Structures are given as structure tokens and as C-alpha cells.
Amino acid sequence: DTLSTSSEVIGLRELSNGKSGIVYVHSTGVNQRHEVVIDYVRWVMVRKRDEAAPTRAATVPDLRSAVAVGDLAIPAGLNFSNYNCELAGSKHLWDDYHVGEKIDHVDGMTIEEAEHMMATRLYQNTAEVHFNQYMQNSDSNTGGAQRRLVYGGHVISLARALSFNGLANGVKIAAINAGRHVAPCYAGHTVFAWSEILDKAEIPGRRDVGALRVRLFATKDQPCADFPGATEDGHHPAVILDMDYWLLMGR
């Protein structure tokens, strides 16, 4: 398939520092037959060209808190009837998980400078804050001699990979409901992760597969045996990622 994408700006909000703002974007990806293959909203932080320039009134779109189960698309041909749990390395399937269950994914993985910069370029991220130390040293907005920030997509990938220790049979993300990069991450930090089962749903007309709604937390230099996450005042200081998604798993 050949994929192409178009995006529409649907909201703008200046940050309190006056130096940057949040841009809300609705992106749609289609194949060569103009069939929609992915449809999503995201929000990104972007610097202002002129910090002194006045900005328009904030426009924040009203978004659903989660993708409805009826809107989850199961790829054609995906069938779990003969799924082999022994080869997958885990006996736990959709039926074995319970709403409210928390899973410590145990493993930690340390991020090195070279690997996160390589991943950033492979993911086509062109923000130099992730890979250009010369710019970081000379940029007056950083105060000089600042470290390269680990790209958020790299953190998501690590957290998802770590989650297979406990969710090994969750083979496909059907939808992402929400996500937030809570705090920065730098080379040298060790990433840990844990998950909470928020909901579980049957797929209409299917007995071989179900969906789990999972909230995934990633932390830096903080094992997750005591499940550090969101609090009434915000998030635990070690939390770097808070992500809510629907996961397909065999039954």
C-alpha cells in the first residue's frame, strides 16, 4: 500500500511562558484507493516565531475521552482461533485479565544517547532539540549547555516493549484514547513501566478476540512495584508517560 496524510489545525493555545503554544491537529491517512487507514487527533508544542506578538483567543477542541468499542477495526484476516500461547511465551489471554488489575512489567531499560537520536531520525522527527547538541549549547532559550531531550515516540516504544512482560499476548493496538508526556527524559535514565486494566470489551461477532483498555505508565529511574502513577495533585515525580489505549488480545 501507498500511504499519504493530510492534516487540519483544529485548535491553538498559547502557554503561560509566552514562548510557545499547543497546536491541535486532526490528521487522516489514506491508501492509494483513498480509503482511510488511520484517523487521529494530536497536540504538539510549537515555539512562537515572535514571543512579543499577541495571540488569538485559545481554541481548544472538544474531544471524546476514548474511542468507542464499536469503532475499533479488526484487520481483515486477523484470526486468533489457532493462536499458540506456548510459542508466544504466556498462557494469559483476554479472559484472564480483570478490570482494575495492575501489572508491574518489572524490566528496566537504560536509554543511551546514540540510540534515541537514531530512532528520532528514523521516525522522521525533525525537532533539533532531540539530536543537535550544538543548537542546545547555543540556544539562549535553554540557558546553554542543555542536554538533548529524548523523543517522546522513543519513550512510547520502550514502554510498549516493556509491557510485553505481563501482556505478552496483546498483539495489536487497536486505538489510542489519550496520551501525555508528563516529564522529560534524557540519555542515562532507565525506563520502567506498569499497566492498569481500565476496561475490557467483547468484539461484536467475534469469539476469538477481545479488547482490553489499558492505561500504561512509564517512569524514569523508578521501579514500578508500588505502581507510581497519577495523583490528585498531578503525577508521581518519576512518571514520564501516561497513555490510554485499546489492545487486541486472543480469547
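The values are calculated or read from the model by the stated rules, or taken from the named source; none is laboratory data. What you see is a predicted model, and the numbers here were worked out from it, not measured in a lab. Backbone-built Cβ (ideal geometry, glycine too); neighbour counts: all protein chains shown. In case anyone asks, the SASA skips ligands and DNA or RNA and just uses the protein heavy atoms, side chains included. Shrake-Rupley method; radii C 1.70, N 1.55, O 1.52, S 1.80 Å.
Listing for the model above:
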| item | result |
| --- | --- |
| Exclusive hit being exposed (fewer than 12 other Cβ atoms within 10 Å of the Cβ), modelled with pLDDT under 95 and more than 22 Å from the chain's Cα centre (by Cα), set A76, A88, A68 | A76 |
| Members of the stretch 164-177 found to be closer than 14 Å to A66 by Cβ and loosely packed, with under 15 Cβ neighbours inside 10 Å, listed by number | I173 |
| Checking V209 against (1) out of contact with any Cys (no Cβ under 9 Å at 6 or more places or on another chain); (2) more than 25 Å from V37 (Cα to Cα), the condition it does not meet | (2) |
| Boolean, A161 is open to solvent by 20 Å² or more (accessible area, probe 1.4 Å), part of a helix (DSSP H, G or I) and not β-branched (V, I, T) | yes |
| Where a residue in the stretch 140-164 is over 18 Å from M117 (Cβ atoms) and its partner, wherever it lies, is at pLDDT 90 or above and part of a loop (DSSP other than H, G, I, E, B), with Cβ under 7 Å and at least six apart | L162/H105; L162/D107; S163/H105 |
| Residue match in the stretch 39-47 (condition: open to solvent by 70 Å² or more (accessible area, probe 1.4 Å), among the aromatic types (F, W, Y) and in contact with a strand residue (DSSP E or B) (Cβ under 9 Å, 6 or more places away or on another chain)) | yes |
